[in-house]
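Below: the structure, in structure tokens.
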Amino acid sequence: MPEAMVAARASDATNSATTQTVDVAVVGAGFAGLYILHRLRKAGFSAVVLEEGGDVGGTWYWNRYPGARCDIQTIDYSYTFDPELEKAWTWSEKYATQPEILRYLGFVADRYDLRRDIRFGTKVKQATWDEAGERWQLATDKGASVSCRHYIMATGCLSSPKPPEIDGVKDFKGEVYFTGRWPHEEVNLKGKRIAVIGTGSSGIQSIPIIAEQAAQLTVFQRTPNFALPAHNGTAPADRKTMLESDRAAYREQARWSLAGVPYPQQMDVSWQLSDAERRERFEKAWAAGDLVHILTQLWADQAVDVDGNKLVSELVREKIRGVVKDPDIAEALSPHDHPFGAKRPCLDTNYYATYNRPNVTLVNLRQEPIKAITASGITTDKRSFDVDVIVFATGFDAMTGAIMAVHPITGRAGKSLSSVWAQGPQTYLGLTVAGFPNLFMITGPGSPSVLSNMAVSIEQHADWVVDRLVALREAGFTTMEATETAQTGWARHMADCATLTLHRLANTWYTGANVPGKARGVMPYTGGVGPYRSICNEVVSGGMLGFRLKGPNGAEQCNDGEVVRLQPDVRLVLGMLAQMNLPPIETMGAQGARDFLDEFNKARPAGRPVGEVGEGMLQGADGPLPYKLYRPATPGPHPIVVYFHGGGWVLGDQQSDDPFCRDMCRRTGMIIVSVGYRHAPEHRFPAAAEDGYAATRWIAEHAAEFGGKPGPVLVAGWSAGGNIAAVTCQLARDRGGPPIAGQLLVCPVTDCSFDRPSYTENAAGYFLTRGLMFWFWDLYCSPADRTDPRVSPLRGKLEGLPPAYIVTCEFDPLRDEGIAYGDALAKAGVPVEQLRAHGQFHSSFTMVDVIITGVSGRAKMAEALRGFAGLPKQESERRAPPEINVAAK
Ligand code: NA7
């Protein structure tokens with residue numbers, strides 16, 4: 001629509017000098033602003049949208065550079081709120097161009113007559129919370145100021161271009177363009193000498209087109225990026241058919257998916273697939289030309305594990321080498337500094353092939369940084385390039401820049417948003433900020449936003465906000481504000497989620513690393529669109545958990561708290577278990593429970609490869625016992641860890657903790673011997689304890705036959721196995737050996753008391769229940785024997801025991817007795833370290849490759865074992881991700 005017509009149809013209030021009073025003011029008339037205005041109107045709120053641009057479109061209004069397109073398939077990158085709208089619009093391409101997306105947004109604005117409430121060409125200069133009036137007061141650069149009850153930032157995540165940060169831009173005599181602020185009039189690049197700085201999406205989309213027009217194109221690349229061919233054209237038939245066969249189901253699936261596009265969760269892990277299988281999957285993804293496909297559908301560990309990711313990265317690099325003829329240029333274009341997907345990969349059309357053109361030069365700024373921009377061009381510390389045009393494709397001050405650059409926002413007690421966010425954005429759900437009542441952000445930092453299909457996330461946010469405003473109005477409240485508790489809890493949950501993916505390992509605009517001086521941290525929510533949606537719903541069903549609502553005459557409601565305390569993957573696993581509606585294990589009978597466990601274990605990912613796995617028999621307290629041995633691939637001899645599995649002295653066997661044993665073997669570089677000790681009710685107390693001790697002695701005596709290092713062994717165990725390991729240490733001390741160098745106790749049973757708070761707090765809902773523990777105790781040990789240190793080691797003598805590493809989990813009935821054992825050992829002078837893992841449950845650490853957030857804890861356990869054995873520390877990011885998910889004491 002021509003600008004004059006837009007102006008004519010824009011809000012009447014534009015030129016008025018008086019204050020415009022509305023229920024809700026919205027900043028931004030892009031995808032988010034348009035939908036929210038539509039919803040607000042339908043809900044009966046008076047609203048105005050303030051938009052700096054001359055028309056609707058938001059980021060699509062400004063980003064008009066050659067080749068600009070969306071990178072989510074357009075059938076997914078569309079509004080879904082109105083089936084009639086979906087029928088009324090047909091996209092012409094798989095990935096629409098910027099002009100087509102802009103036409104679509106104009107079409108939507110016309111269809112719902114939205115422009116009459118949008119003030120174009122209007123920038124908000126200042127927003128201040130008026131405490132007494134309980135309203136936001138907005139000053140604008142044009143026309144009336146605005147007074148509104150609620151203030152919604154629909155400013156987009158990538159709308160504030162960052163400055164070039166290169167000296168001399170002002171001295172350049174030629175033409176300068178920014179991809180993020182491309183002129184509306186035609187730019188003639190034909191026959192010119194052009195420099196493009198930046199190789200993110202904008203650079204990669206525009207470079208092939210600019211190369212066709214330019215006499216000479218020089219690309220200045222600081223960091224190579226992964227790109228895959230878009231294979232643009234008409235929308236792929238399979239996706240189209242899927243959508244058209246059941247539109248509602250397709251859309252609903254997208255809403256509950258991880259990335260906002262309906263793809264299933266991939267379950268196969270990379271090491272379960274052969275090279276040929278992996279290649280086949282990769283080629284299929286490459287041919288699909290779809291970011292979400294290649295980012296999620298190869299193998300389950302591609303985005304969460306460095307090793308799983310390296311396989312994809314190498315396959316992409318192979319493709320680059322296949323296209324780019326000059327091997328040095330191919331190498332310069334190949335990313336090595338970040339995992340695939342940790343930085344947003346790009347969709348391209350002939351990007352790599354462009355470097356085969358004679359008129360294109362790549363300058364690798366890692367080898368020759370830009371020194372300055374001069375009157376005639378660009379100088380690196382090796383050469384000078386005379387150019388007519390410089391195109392800055394240097395990106396955005398993402399996510400926070402768009403909100404903060406609009407104006408100073410001053411909330412309760414005169415606090416400004418920029419001061420509150422000085423160390424990085426603090427939000428509750430990415431939607432609200434404590435201290436800023438009635439302020440909402442659409443797809444703000446702390447929400448899935450840029451890690452999702454924005455269209456889906458925008459609709460979810462807009463719906464959530466408008467529904468809340470309606471509920472607030474109905475309940476007679478006037479303000480709504482996040483509490484500090486909720487916000488702090490969300491920050492912790494965000495950090496927990498950030499350990500799940502590899503985004504933390506790359507310097508990107510996701511983490512604020514692209515803007516000098518900006519606080520670092522993964523800004524978008526990495527837990528996924530579906531999980532996020534269910535959390536937002538839980539906030540509501542939990543009585544607006546974490547919000548303070550206030551109304552006239554002192555009316556107030558505050559259900560304070562944190563919405564998620566579990567680790568994100570623990571939450572998913574427990575949710576799935578709850579859905580299975582399993583009968584309590586203790587009602588199955590011992591054999592029934594064992595059969596159940598066998599079945600249950602079949603569904604878990606197989607453990608990772610180790611050097612060698614063997615089986616054999618050893619001598620227990622009353623006859624032979626089976627064992628399973630895990631040997632590292634490195635040459636021996638290795639220290640030996642004697643391992644006792646979990647299962648309440650009733651369930652499990654020498655291979656039931658197979659993935660955990662493999663993991664410990666790989667991480668420690670030691671031999672793990674998992675002992676199949678006798679079980680109750682067939683063999684009651686003290687059979688398991690005596691077997692544990694006897695097996696340890698036997699293994700120590702036969703260490704050389706196992707390929708073990710002579711000298712002390714180590715013991716380790718989980719749950720009841722932790723109990724056996726602890727007891728073994730006491731018995732070894734009292735019975736003259738064998739020497740034990742250290743004990744790793746993971747969620748151990750240490751005492752027969754059920755009175756500690758963790759037994760009540762976590763009595764049900766976390767798989768190991770109080771009822772199940774009662775059953776285990778009853779089957780194993782009569783009440784009269786329970787205070788015997790061979791089953792309640794906490795009650796034994798603790799002096800002179802080997803050093804210990806004790807792991808406890810927040811949501812475990814056994815938590816407090818594990819902590820008590822650690823404290824008591826320390827008091828008795830035993831060197832002890834405790835890992836108190838927050839958000840984890842009893843089975844977290846043995847569910848290897850299911851509970852990804854357990855990696856950091858297992859890395860620490862392995863380090864502890866290596867320390868006990870006198871081995872040096874290991875250096876690897878894979879082994880020890882940052883400490884943000886585990887609170888160690
Ligand atoms: P990006 O992805 O942030 O890319 C910006 C590029 O510019 C990137 O290659 C940067 O290198 C480079 N850059 C930034 N500043 C400089 C300076 N000072 N010198 C040299 N090179 C520089 O922005 P885009 O606009 O391409 O894409 C943003 C998103 O829009 C995209 O991910 C899609 O979601 C759509 P660096 O990597 O920082 O070393």
Surface accessible to a 1.4 Å probe, per residue, for the residues of the chain, Å²: 37 Å²
Would you kindly compute the Cα radius of gyration of segment 150-261 and its largest Cα-Cα separation (Dmax), both in Å? 19.7, 58
What's the magnitude of the charge dipole for segment 584-686 around its Cα centre, counting Lys and Arg as +1 and Asp and Glu as -1 at the beta-carbon? Answer in Debye, nearest 20. 380 debye
Charge-dipole axis of segment 569-610 as Lys and Arg at +1 and Asp and Glu at -1 on Cβ define it, positive-most pick from ALA590, GLY607, LEU574: GLY607
For a bin width of 5 Å, list the pair-distance distribution of segment 371-465 built from all Cα-Cα distances, rounded to whole %. 2, 11, 17, 17, 11, 8, 7, 8, 9, 6, 2
In what sequence, highest mean first, do 608-614, 508-514 appear when ranked by Cβ atoms within 10 angstrom? 508-514, 608-614
How large is the direction-averaged shadow of the alpha-carbon convex hull of segment 605-657, in nm²? 4.8 nm²
Stretched out fully, how many nm does the piece from ALA43 to GLN265 gain, at 0.36 nm a residue minus the Cα gap? 76.3 nm
Of the accessible area of the chain, computed with a 1.4 Å probe and all protein chains kept, carbon and sulfur make up a percent value of 52 percent
Compute the Rg/Rh shape ratio of the chain: radius of gyration over Kirkwood radius, all on alpha-carbon atoms. 1.02
Order of exposure, largest accessible area first, which applies to GLU484, GLU252, GLU562 with probe 1.4 Å: GLU484, GLU252, GLU562
Computed over the Cα atoms of segment 633-728, what is the convex hull's projected area averaged over all directions, in nm²? 5.6 nm²
Beta carbons within 10 angstrom, averaged per residue: use that to sort the peptides 422-431, 547-556, highest first. 422-431, 547-556
Determine Rg/Rh for segment 467-514; Rg is computed over alpha-carbon atoms and Rh is the Kirkwood hydrodynamic estimate from the same atoms. 1.23
If you rank THR769, THR760, THR432 by how much accessible surface each has, with a 1.4 Å probe, what is the order from largest down? THR760, THR769, THR432
Accessible area in the full protein assembly, largest first, 1.4 Å probe, for MET588, MET544: MET588, MET544
Backbone N under 19 Å from the GLU84 label point (7 Å along Cα→Cβ), restricted to segment 114-131: 114-116
Run the Debye formula on the Cα coordinates of segment 693-852, all scatterers equal and no solvent, and tell me log10 I(q)/I(0) at q = 0.09, 0.16, 0.20 1/Å. -0.29, -0.90, -1.27
Evaluate the relative contact order of the chain (contact order divided by residue number), counting alpha-carbon pairs under 8 angstrom at least 6 apart; express in whole percent. 10 percent
Enter the angle in degrees (range 0 to 90, nearest 10) between the Cα long axis of helix 306-323 and the first principal axis of the Cα atoms of the chain, meaning the one along which they spread out most. 40 degrees
Computed about the Cα centre, the charge dipole of segment 535-639 from +1 Lys/Arg and -1 Asp/Glu charges at the Cβ has a magnitude in debye, to the nearest 20, of 300 debye
With only alpha-carbon pairs counted, each pair once and no self-pairs, how large is the Kirkwood hydrodynamic radius of segment 501-587 in angstroms? 16.6 Å
When the helices in the chain are scored as -39500 (n - 2.57) per DSSP H run of 4 or longer and the sum is shared across all residues, what 222 nm value do you end up with, to the nearest 500 deg cm²/dmol? -10000 deg cm²/dmol
If you put +1 on each Lys and Arg Cβ and -1 on each Asp and Glu Cβ, how big is the dipole of the chain around its Cα centre, in Debye rounded to 20? 1520 debye
As computed over segment 310-394, the Cα convex hull volume per residue (Å³): 125 Å³
Out of every Cα pair in segment 85-207, what percent are spaced more than 18 Å from each other? 72 percent
Alpha carbon centre of segment 659-685 versus segment 345-382: separation in Å? 56 Å
Taking Cα atoms, the helix 201-213 axis meets the longest principal axis of the chain at an angle in degrees (rounded to 10) of 50 degrees
In terms of the charge dipole of the chain, which places +1 on Lys and Arg and -1 on Asp and Glu at the beta carbon, the residue among GLY489, ASN309, TYR61 farthest towards the positive end is TYR61
Given a Förster distance of 30 angstrom, what is the FRET efficiency for GLU244 paired with ASN350, based on the Cβ-Cβ distance and rounded to 0.05? 0.45
For the chain, find the longest principal axis of its Cα atoms and tell me its angle to the long axis of helix 589-602, 0 to 90°, nearest 10. 40 degrees
Highest average packing first - 654-662, 628-636, 42-50, Cβ atoms within 10 Å: 654-662, 42-50, 628-636
Label-point separation in nm, LEU365 to ALA276, each point 7 Å along Cα→Cβ: 4.5 nm
Please work out how much length the chain gains when fully extended from ASP622 to GLN253, using 0.36 nm per residue of separation minus the C-alpha to C-alpha distance, in nm with one decimal. 127.2 nm
Exceeding the 18 Å Cα-Cα cut-off - candidates LYS343/LYS371; LYS123/LYS415; LYS797/LYS827; LYS87/LYS240; LYS125/LYS415; LYS192/LYS325: LYS343/LYS371; LYS123/LYS415; LYS192/LYS325
Quick one: what does P(r) look like for segment 167-224 with 5 Å bins over all Cα pairs, in whole %? 4, 16, 27, 30, 18, 5, 0
Just the accessible area for TRP256, please: 1.4 Å probe, Å², rounded to the nearest 10? 110 Å²
Length gained if ARG111 through ALA375 is fully extended, taking 0.36 nm per residue and subtracting the Cα-Cα distance, is 90.2 nm
Roughly speaking, what % of Cα-Cα pairs in segment 770-849 are separated by over 14 Å, rounded to a whole number? 68 percent
Which one of GLY561, MET399, ALA139 has its Cα pushed farthest toward the positive end of the charge dipole of the chain, where Lys and Arg give +1 and Asp and Glu give -1 at the Cβ? ALA139
Whole-Å distance, taken between Cα centres, linking segment 569-641 and segment 710-788: 17 Å
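The values are calculated or read from the model by the stated rules, or taken from the named source; none is laboratory data. Not measured: the values here are computed from a predicted model. Virtual Cβ from ideal backbone geometry, glycine too; neighbours counted across all protein chains shown. Quick note on the areas: whole protein, heavy atoms, side chains included, nothing else; ligands and nucleic acids left out. Shrake-Rupley method; radii C 1.70, N 1.55, O 1.52, S 1.80 Å.
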